[in-house]
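Q: Take this structure, written in structure tokens, and hold onto it; I'll ask about it next.
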Amino acid sequence: MPPHSSEATAIATEPFSETLVLPTRTSPLFHVIDPRNFERPLLDELCALATHARLLAKSEPGARALRDLLPTRRAMLYFTQPSTRTFLSFNNACHILGMRTSEIRDPSTSSEVKGESFEDSIRTFSSYVDVIIMRTKESGRAAQAAQLMNGIQRPVPVINAGSGSDQHPTQALLDIYTLQRSFEEHGGIDGKVIGMMGDLKRGRTVRSLCYLMKNYRGVRLVFIAPEQFAMQPDVKAHLDEHRIPYHETTRLDEALPSLDALYVTRMQTEWDTAGESRSVDLSRFSIGAPQLARLKRDAIIMHPLPRGPEIDPSVDQDPRAMYWRQERNGMWMRAAVLIKIFGAEDRIPDEPR
């Protein structure tokens with residue numbers, strides 16, 4: 001995905017943002033920063049790679065073949081924002097492929113507490129590893145790291161594993177994989193009505209997923225949120241630009257019968273500045289037995305986790321609940337991303353040996 005010259009010029013003058021389109025190197029996939037860079041052929045390829053790896057891993061010979069793919073590669077997991085699922089799925093994806101990992105999860109253990117600049121820390125990491133996977137509370141850090149890498153003699157790819165409330169591209173990729181797997185016998189993602197419910201204003205997972213919808217035909221989106229936490233104008237402008245229809249409502253019961261998928265998100269209380277989440281009546285944006293009765297029999301329910309009261313635990317037993325499968329899909333999609341970054345897809349055997 002090489003950039004146009006105008007994009008490269010913009011990088012030098014614009015402030016750092018996860019929405020910058022950054023240059024890539026020799027691989028069709030290098031930095032993973034902005035979900036808008038992904039086109040349908042690459043999305044389909046990554047989904048196929050994830051499935052291939054998942055099926056191979058079911059047998060011991062297949063698992064060994066996967067471990068032999070990247071045994072000389074090393075990854076830095078630089079997670080200075082709390083994380084359970086994203087950290088574990090990346091860590092285990094690396095191990096599935098035979099990669100060794102280093103980690104920093106507590107900022108107090110980094111030399112940044114001694115006054116080292118963020119740039120010098122990233123440059124240090126790149127001296128020891130082959131890929132930097134990072135999650136930060138501050139927006140724009142992954143883009144900043146990727147730009148730094150583009151200017152050094154030994155660049156390593158940077159993967160944005162969540163940056164502020166801005167973007168979470170690998171979550172969007174695993175969400176696409178979950179949608180594709182769920183609807184593979186019903187025409188795939190094309191033509192589906194996808195609802196997104198909860199704190200859409202500050203939820204980076206739904207932002208990133210919206211950006212990928214331009215790759216699918218006939219998709220319609222329904223945003224179900226309290227007015228004060230509605231989807232941000234920049235995302236809606238992107239949807240308008242790509243002629244992706246969307247509807248906004250505060251009435252879940254009215255929206256449910258039309259949905260093929262409901263993507264539920266929690267209130268992002270960590271971004272509160274004055275306890276604003278407490279003003280929301282969550283019962284209007286939650287799903288339990290009464291809501292299940294209004295949902296199509298072949299619809300699915302997704303959630304990026306962790307969840308709060310927005311999904312009653314009884315929903316877990318419903319076959320339409322996909323969020324635990326969605327979580328596991330994350331490990332396989334992230335393995336596929338790493339395989340593609342390092343150009344190892346041609347070395348995966350068709351069958352276990």
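Q: Considering the zone a paramagnetic label at SER279 would reach in this model (a point 7 Å from Cα along the Cα-to-Cβ line), which residues of segment 174-210 have amide N under 18 Å from it?
A: Label zone hits: 198-203.
Q: Here is a further query. Using 7 Å Cα-to-Cβ label points, what is the ARG251/LEU55 separation (nm, one decimal)?
A: 4.5 nm
Q: Can I ask one more? Out of all DSSP beta bridges in the chain, what portion is antiparallel? Express it as a percent rounded to 5.
A: Of all bridge pairs located within the chain, approximately 5 percent are antiparallel.
Q: Peptides 216-225, 155-164: what's the order by average Cβ count within 10 Å, highest mean first?
A: Ranked by mean Cβ neighbours within 10 Å, highest first: 155-164, 216-225.
Q: Still on this structure: Which whole-number value in Å² is the accessible area per residue of the chain, probe 1.4 Å?
A: The answer is 44 Å² per residue.
Q: With everything on Cα atoms, drop me the angle between helix 85-96 and the longest principal axis of the chain, reported from 0 to 90° to the nearest 10.
A: It works out to around 50 degrees.
Q: Would you mind calculating the relative contact order of the chain from Cα pairs under 8 angstrom and at least 6 residues apart, reporting the percent as a whole number?
A: Relative contact order of the chain: 20 percent.
Q: How high is the relative contact order of segment 250-353? Use alpha-carbon pairs under 8 Å, at least six apart in sequence, and give a whole percent.
A: Relative contact order here is 29 percent.
Q: Same structure, new question: Express the carbon and sulfur contribution to the solvent-accessible surface of segment 219-353 as a percent, rounded to the nearest whole number, probe 1.4 angstrom.
A: Of the solvent-accessible surface of segment 219-353, carbon and sulfur hold 47 percent.
Q: If we count every other residue with Cβ under 12 angstrom of MET331's Cβ, Lys/Arg +1 and Asp/Glu -1, where does the sum land?
A: +4
The values are calculated or read from the model by the stated rules, or taken from the named source; none is laboratory data. Bear in mind that the values here come from a model prediction, so they are computed numbers and not experimental data. Because the Cβ atoms are built from the backbone with ideal geometry, glycine has one as well, and the counts that use them run over all protein chains shown. Quick note on the areas: whole protein, heavy atoms, side chains included, nothing else; ligands and nucleic acids left out. Shrake-Rupley method; radii C 1.70, N 1.55, O 1.52, S 1.80 Å.
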